[in-house]
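Working notes for the structure below.
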Amino acid sequence: MNKIKFLGTAGARFVVTRQLRKSGGLWLTLDDTNVLIDPGPGSLVRCLSSRPTLNPRDLNGIILTHRHLDHSNDVNIMIEAMTNGGFNKKGVVFAPSQALDDDPVVLKYVRDYVEKVVVLKEKGTYKIGNISFSTPVKHVHNNVETYGLNVYGKNISFSLISDTSYFNGLESHYKEDVLIINVVMFNDRDDIQHLSINDAERVISSNKPRLCVLTHFGMTMIKAKPWVVAENLSKKLGVEVIAASDGMEIDLDHYKQV
């Protein structure tokens with residue numbers, strides 16, 4: 001089964017630090033390749049407590065979209081777990097240079113445990129296992145080097161819009177079959193560089209994906225009941241929009257190109 005499992009749907013510091021939603025990131029299984037995206041706090045616990053268990057030693061690699069702790073906190077322990085404590089060198093870690101250079105979140109000693117560490121760059125293209133992905137544009141997010149992803153399998157593709165303010169043309173970079181959007185805020189706020197529901201609506205209405213999944217919720221989104229917000233967007237836009245929940249799985253094969 002080709003799938004995405006949401007190990008957590010928390011966004012913004014208060015939801016994460018209070019664990020109102022979990023913050024373990026995304027586990028992708030596609031074309032016999034397993035990738036962990038943005039392993040935030042609790043990622044290892046969420047993997048091992050999943051039913052069925054997600055074994056970190058099955059991972060082919062780890063991707064960080066940026067260095068913030070809700071996206072990277074568990075990266076080092078997940079590298080340890082992926083490589084059997086460093087005794088079985090394997091896997092690739094992908095991260096922006098800012099997560100690797102000064103004040104790195106990927107510790108230097110664990111880098112020797114993996115086969116390769118790859119620096120993500122704007123308009124980059126990469127391969128891991130049987131899949132490929134791209135980082136089409138640098139996001140606008142608190143002066144932190146941040147990228148979204150377009151991921152390509154044999155018969156299915158998906159886009160992940162990671163943390164960012166809306167900027168002109170954002171939607172043009174993420175046009176794959178399934179679209180995942182980090183939507184922290186319910187209302188627009190110029191002083192916070194995250195997407196709101198209005199921003200998400202603009203992207204969804206333009207791109208018309210086969211499925212759109214809202215995730216990475218802050219307090220205002222949680223109070224607005226994300227599942228209700230998603231249902232209302234579906235009715236308004238004529239696109240299947242759902243709100244992610246902790247532990248939810250998306251069957252990617254259901255949305256593949258025929």
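Numbers for the structure displayed
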{"quantity": "Convex hull per residue volume in Å³, alpha carbons only, for the stretch 135-258", "calculated": "108"}
{"quantity": "Total charge dipole magnitude, the chain, about the Cα centre, Cβ charges on Lys, Arg, Asp, Glu only, Debye to nearest 20", "calculated": "340"}
{"quantity": "Selection from S159, I128, V144 lying farthest towards where the dipole of the stretch 57-207 points positive, charges on Cβ", "calculated": "I128"}
{"quantity": "Reciprocal mean inverse distance between Cα atoms of the stretch 86-149 - Kirkwood radius, Å", "calculated": "12.8"}
{"quantity": "Computed [θ] at 222 nm, helices only, for the chain once each DSSP H run of length n ≥ 4 contributes -39500 (n - 2.57)", "calculated": "-5500 deg cm²/dmol"}
{"quantity": "Whole-Å distance, taken between Cα centres, linking the stretch 1-75 and the stretch 238-258", "calculated": "17"}
{"quantity": "Amide hydrogen neighbours beyond the local backbone of V137, cut-off 5 Å, H modeled", "calculated": "K123, G148"}
{"quantity": "Entries of K22/K223; K154/K235; K121/K223; K22/K89; K5/K256 with Cα pairs more than 25 Å apart", "calculated": "K154/K235; K121/K223; K22/K89"}
{"quantity": "Enclosed volume per residue, in Å³, of the convex hull spanned by Cα atoms of the chain", "calculated": "116"}
{"quantity": "Hull volume in cubic angstrom per residue (convex hull over the Cα atoms of the stretch 57-193)", "calculated": "114"}
{"quantity": "Under Karplus coefficients 6.51, -1.76 and 1.60, residue-wise ³J(HN,Hα) of the stretch 172-188 in Hz, glycine/proline x", "calculated": "5, 8, 9, 10, 7, 4, 10, 10, 10, 10, 7, 10, 7, 10, 7, 9, 5"}
{"quantity": "Candidate aspartates and glutamates for bridging to K225, where Cα separation is under 18 Å - those fewer than 8 sequence places away on the same chain excluded", "calculated": "D188, D199, E201, E240, D246"}
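All of the numbers you see were taken from the coordinates with simple rules; none came from a lab. From a predicted model like this one, the values you see are computed outputs, not experimental measurements. Note: ideal-geometry Cβ built from the backbone for every residue, glycine included; neighbour counts use all protein chains shown.
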